[in-house]
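This report refers to the structure that appears directly beneath it.
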């Protein structure tokens, strides 16, 4: 993926660049809002990582103007302002995700990769999801693996849907809490792990090939 | 500032009292005048019509039977003194035929058929025995044979009523005026004093004493309501001020020590021998510790944010659904921890709430319950209503919190001894309480209904 990182703190932007490069992505950096907007309009990128407080043009304004001028590249806000209200502001300005500083490197990678994915998959309206022999019909809400029908609770269905929409990429616990439960805080108990292991018991237990993998130190990955 | 013994003269309410007193005087004068006219007038009209009816009746008696009919009728009437009538009947020559008086007290009209309205006085004996002059209103007529008939009606009782009314007006009007002025005086002095109390409190608060409050005396009037509102405002200001101060203190005290520890560790490893394995271990531990510091830092910020959030942020939402979601999130984790979990949630309870904060507060409570309840225990989440309050209760069968510590654990960074081994910022319950307060409720800790030693945490909204 080609990622544009717009961040004025050079140390921070160097760190982000290292992290993303380490995960196999190409990174271009810009140091202020105006240069960043120009760069975003000019070059082809799969994702934008934008700091909220930038010199010359604040991040919110940058993303807003970029969207107003027809830019569709998905954007992720990085910000020390991590309030729910700040997050809502960011998303209303046109960003696709919001990550509070400081963050774990794995969290950043997972979220940026999820962004790149989103652009590809938002074109045809999807009614069926498929990962290996695991299939989900979003209309009839049927889930099957091979010939076996799998019964899921509503919440398990949402969880699996999220994982299938992000198939092949790492999904962190925080992303699951946000995406499936819509919670923006971190419960201290490992609640997500237990939900995952329940889901795993239903979709993987009886089968040879394990689809739902644990990514150590990061999260989970559903892959064929 | 209003002060001095005559300060009330300059107050709005005294001026109002004065105006009201004048209006009262004018109004009562009008009312009493009307009353006087109405009563006296109607008394006279009534007397007149009675007199004329009596005169007519007697005239009819005379016309149909002459003197022989009139006399017994009159005599009979005079005997029973019907309705205080007085009669006198005499010949054309002025000789008394029959009557209540010694002689005719007034001059009769000259021509037969003429009727004159007359007033005169007689000496009468009251039922009490005393002799008094009784005013009489009468009609006198000369009949066709020149004889003269007088019928009179006593006015004394009626005039006495009129006199009493007059007397009442004369006494009541000045008393009313005086009472109105006294009322105005006290009202204005009361208002001046209450305003003064408000002003004194404000001065004290401005001088820095945020604990000052305007006295509420229980009169339940607009002054009390104003005082309550001002007091609520002062409480909010005091809370915000102390939250800000607390956040500052917390950052100073509670981040300084882990940061010093961190610094010491790095310093030490810099001095010691440095092979890759120990360096990696040290760095790994350091990252963990920094994360912990950051978590604490976030918790402090979050807490002060909640404490300074206003109620205007709250939106009406389905609290039952929110609680069910939290229950749904934690239920598998409870099972994993070997705990039975039961949720009894009364459906469709709505309240003005902050979705994110309430969910977080509730998560903190369930989190705590899972952490401190030994395997094999039970956790229950109950959502009920009493009156208009929604009570969310999380109970467990864990060791509980001794009664003496229950208030203390709600504070910042208070962790009971046996909890130090557990991860956590020590701000969990402080946040829950702040969220409860934001929703106009409170956090109550009590013995669990599930077991003698467990903990029951109730959030009332």
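No value in this document is a laboratory result; all are computed from the given coordinates. Since we're looking at a predicted model, the values are computed, not measured. Glycine also receives a Cβ, built like all others from the backbone with ideal geometry; neighbour counts cover every protein chain displayed.
For peptide B:360-369, the mean count of partner chain Cβ atoms within 10 Å of a residue's Cβ comes to 3.
Using Cα pairs under 8 angstrom and six or more residues apart, how large is the relative contact order of chain B, in percent? Could you put the intermediate results ahead of the total?
Values: 595 pairs, mean separation 45.9, N = 461.
Here the relative contact order equals 10 percent.
Contact order for segment A:84-208, expressed relative to its length and based on alpha carbon pairs under 8 Å spaced 6+ residues apart, stands at 19 percent. Most fluctuating residue of A:125, A:187, A:74 in a GNM of chain A with Cα springs under 10 Å: which is it? Top of the fluctuation ranking is A:125. Taking the DSSP beta bridges with both ends in the protein assembly as shown, the antiparallel portion is around 75 percent. How much of the DSSP beta bridge set in chain A is antiparallel, as a percent to the nearest 5? So the antiparallel bridges in chain A amount to around 50 percent. Using equal-weight Cα scatterers in the Debye expression, the normalised intensity of chain B in log10 at q = 0.07, 0.13 Å⁻¹ is -0.65, -1.16.
Where the convex hull is taken over the Cα atoms of the protein assembly as shown, what is its projected area averaged over directions, in nm²? Before the final figure, lay out the partial values.
Numbers: hull surface 243.5 nm².
Reported value for the Cα convex hull: 60.9 nm².
Would you work out the relative contact order for segment B:300-405, in percent, from Cα pairs under 8 angstrom that are 6 or more residues apart?
Working: 140 pairs, mean separation 28.8, N = 106.
Relative CO of segment B:300-405 lands at 27 percent.
Look at where the Cα atoms of segment B:322-348 and of segment A:157-224 average out, and the two centres are 19 Å apart.
Computed per residue of the protein assembly as shown from DSSP H runs no shorter than four, each worth -39500 (n - 2.57), the mean residue ellipticity at 222 nm is -17500 deg cm²/dmol.
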